[in-house]
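Inspection log for the structure reproduced underneath, given as structure tokens.
The values are calculated or read from the model by the stated rules, or taken from the named source; none is laboratory data. All figures in this text were calculated on a predicted structure; none of them were measured in a lab. Quick reminder, even Gly has a Cβ in these numbers, built from the backbone with ideal geometry, and neighbours come from all protein chains shown. SASA here: full protein model, heavy atoms, side chains in, ligands and nucleic acids out. Shrake-Rupley method; radii C 1.70, N 1.55, O 1.52, S 1.80 Å.
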Amino acid sequence: MNNKNSNGLKGLGPLGWLLQVITGVFLIFFLGIHLYLANIDFGHPIRFFTAVLENLHNGYWLAFYIVFTYIVLYHGLNGVRGILYDRFDSQKSRALIKYSLSVLYVVTAIYGTLLALAVSRIAIP
Amino acid sequence: MNKTGIAGWFNIKDKGTGYFAFAFQRFSGLVIVIYLYMHLIFLSSLLDGRTTYNSLVQNITYGPFDIFIVMDMLLALVIFYHGANGIRLALNEFGIGLKHHKLFFYAYESISMVLLVLFLYYAYLFLGGH
């Protein structure tokens with residue numbers, strides 16, 4: 001097996017790659033809990049409206065999901081950056097990619113935060 | 001440098017396990033990012049109230065659009081694959097498993113597929129839970 005092929009995203013540079021690895025490790029934890037809560041939770045999955053609201057009315061879970069959003073967004077968009085860097089190697093292209101994805105990250109993170117806060121303020125029926 | 005673009009990832013003829021791991025890691029990553037944005041859009045319907053949100057969940061879980069369950073299963077497959085291969089790559093950074101890439105790849109993916117089957121089994125079991 002050729003390890004050069006199996007390792008990707010090295011174009012991100014040492015810091016970008018390190019953050020990709022660290023956020024990936026955190027995601028195992030965050031995504032594991034999310035998948036369990038939303039799909040299993042031994043008979044009481046958080047799927048329908050009231051269950052979602054009850055979950056987000058808890059400050060700890062609200063913080064959990066906001067942090068989860070920031071981490072999964074970073075990991076995902078940083079990964080996209082690495083893929084695009086492999087395809088476009090000029091300084092100008094890479095600067096444009098980095099700027100565009102940074103803006104997308106900030107906009108999505110703000111939207112995700114506002115959405116979570118708005119939902120947490122809806123009265124439970 | 002990969003100048004062939006996304007289409008080039010699927011050209012796995014005469015290429016080894018390493019290339020498959022590389023290509024599918026990227027493909028699965030892109031699928032998950034696209035899903036992430038779809039998920040955010042879907043969750044935005046919480047703001048439309050209980051009737052709208054529950055109706056959407058009902059439609060994609062119990063019909064008439066329960067084909068989404070199959071898509072959810074495929075999504076779970078790419079997530080479990082991506083996670084297992086990602087752990088292998090992270091451990092490689094610490095020098096773990098570098099000498100036996102192939103073995104580690106198959107070992108992690110086998111474990112992740114067992115976990116996937118368990119996850120799908122329990123998710124199916126509790127599909128009726130509200």
(request) Looking for whichever is facing chain A (nearest Cβ under 8 Å), out of contact with any helix residue (DSSP H, G or I) (no Cβ under 7 Å at 6 or more places or on another chain) and not basic (Lys, Arg) here; the options are B:Gly83, B:Gly29, B:Gly16. Which one fits? (result) B:Gly16
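Could we say that B:Leu89 is touching a residue at least 40 places away in the same chain (Cβ under 8 Å) and either surrounded by 13 or more Cβ atoms within 10 Å (Cβ to Cβ) or assigned to a helix (DSSP H, G or I) (or both) here? Quick ask: steps written out before the conclusion?
Numbers: touching a residue at least 40 places away in the same chain (Cβ under 8 Å): yes; either surrounded by 13 or more Cβ atoms within 10 Å (Cβ to Cβ) or assigned to a helix (DSSP H, G or I) (or both): yes.
Against the criterion (touching a residue at least 40 places away in the same chain (Cβ under 8 Å) and either surrounded by 13 or more Cβ atoms within 10 Å (Cβ to Cβ) or assigned to a helix (DSSP H, G or I) (or both)), B:Leu89 qualifies.
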(request) Have a look at A:Val52, A:Val80 and point out the one that is open to solvent by less than 60 Å² (accessible area, probe 1.4 Å) and under 20 Å from B:Arg50 (Cβ atoms). (result) A:Val52
(request) For region A:74-125, enumerate the residues that are over 14 Å from the mean Cα position of the chain (by Cα), facing chain B (nearest Cβ under 7 Å) and part of a helix (DSSP H, G or I). (result) A:Ile83, A:Asp86, A:Arg87, A:Leu115, A:Ala118, A:Val119
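Scan region B:54-84 for residues that are part of a helix (DSSP H, G or I), among the aromatic types (Phe, Trp, Tyr) and modelled with pLDDT under 95 and jot them down.
In the first step, residues of region B:54-84 are kept if they are part of a helix (DSSP H, G or I); the result is B:54-62, B:67-84.
With the extra rule that they be among the aromatic types (Phe, Trp, Tyr), the set shrinks to B:62, B:68, B:80-81.
Those that are part of a helix (DSSP H, G or I), among the aromatic types (Phe, Trp, Tyr) and modelled with pLDDT under 95: B:Tyr62, B:Phe68.
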(message) Every residue in region A:57-71 that is without any contact (Cβ under 8 Å) to a residue 24 or more places away in the chain and part of a helix (DSSP H, G or I), please.
(response) A:Gly59, A:Tyr60, A:Trp61, A:Ala63
